[in-house]
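Shown next, in structure tokens, is the structure this report addresses.
The values are calculated or read from the model by the stated rules, or taken from the named source; none is laboratory data. None of these values were measured; they are calculated from a predicted model. Every residue, glycine as well, gets a Cβ built from its backbone with ideal geometry; the counts of neighbours run over all protein chains shown. What goes into the accessible areas is simple: the full protein's heavy atoms, side chains included, and nothing from ligands, DNA or RNA. Shrake-Rupley method; radii C 1.70, N 1.55, O 1.52, S 1.80 Å.
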Amino acid sequence: MAKQGGIWSKLLTSVRAGAQELGEAWVDSQALRILDQEIRDCDIELRQSRESLAHLLARHTLAQRAWNEGADKIAEYEGYAIKALESGEDALAREVADKIAALEAARGDDEAHLRQLAASVAELRKAVAMAEGNIRRLKQQLDTVKATESMQRAQAAVAQRYAGPQNRLQTAVDSLARIKQKQAERGARMEAAAELARHDGGDALEKKLRDAGIMPDEAGAEAVLARLRQKLPG
């Protein structure tokens, strides 16, 4: 029973490993599409961040203007208060002082709001810069992946065409070599046949001439004896 359980465990492990390999292969095959989608998502986020930054900058500009105007207004009313004091209008000077105090309180609120907006602008600028960096890196990675993919496909095509015993080019070269060999053999046979034909034709003609007594029969017994007599000592 324990042995049977071990077999099932090994089988399940093998199935899981196979499924994981298939999953990884699918993810790898989708790498370019996933990377393209990541870049599109980052572009959308970057555009939204830039729009938010533009709105914040506009609000910061308005807040800065209100803060500056508050300072001008306070300076204006301080001038009024001084003139009232110089004129002996203490009651009026007090009313102006109350106005100045209210303006200063409001300007304090504007200053706090201005600092908050400035901090938000700084944070959003960082976010925009980070998004731009992410997009730049993703595009570089995409370019690298596409270049590597193109190179590897070209290498695979070259390897398939020019390497291995079953490639088409090698098969064509082998066939060409066989054709040349067969042509050479056929040419040699044709030359041999022509030579035989010439030889056979010459023998037939010589035989006719020897039979007619026109050409001496050098292969006969008389010819052999005549040749041997020439070798005898004088």
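Can you work out the FRET efficiency for the pair Ala193 and Gln140, with r the C-beta to C-beta distance and R0 = 41 Å, to the nearest 0.05?
Values: r = 73 Å, r/R0 = 1.78.
About 0.05, to the nearest 0.05.
State the percentage of accessible surface on region 41-164 attributable to carbon and sulfur atoms; use a 1.4 Å probe and exclude ligands, DNA and RNA.
The value for region 41-164 is 52 percent carbon and sulfur by accessible area.
Using 0.36 nm per residue, how much length does the chain from Ala106 to Ser52 gain when fully extended, once their Cα-Cα distance is taken away? Intermediate results must be reported in sequence, preceding the final value.
On the way: separation 54, 0.36 × 54 = 19.44 nm, distance 2.65 nm.
Contour length minus Cα-Cα distance gives 16.8 nm.
For Ala122 and Ala147 in the same chain, what is the full-extension length gain: residue separation times 0.36 nm, less their Cα-Cα distance, in nm? Present the calculation step by step, with values, prior to reporting the outcome.
Working: separation 25, 0.36 × 25 = 9.00 nm, distance 3.75 nm.
The span from Ala122 to Ala147 would gain 5.3 nm if fully extended.
If the chain between Leu32 and Arg115 were fully stretched, how many nm would it gain, using 0.36 nm times the residue separation less the Cα-Cα distance?
Numbers: separation 83, 0.36 × 83 = 29.88 nm, distance 4.40 nm.
So the extension gain works out to 25.5 nm.
With a 1.4 Å probe and every protein chain left in place, work out the accessible area per residue of region 87-167 in Å², rounded to a whole number.
On the way: 5840 Å² over 81 residues.
Ligands and nucleic acids excluded, the result is 72 Å² per residue.
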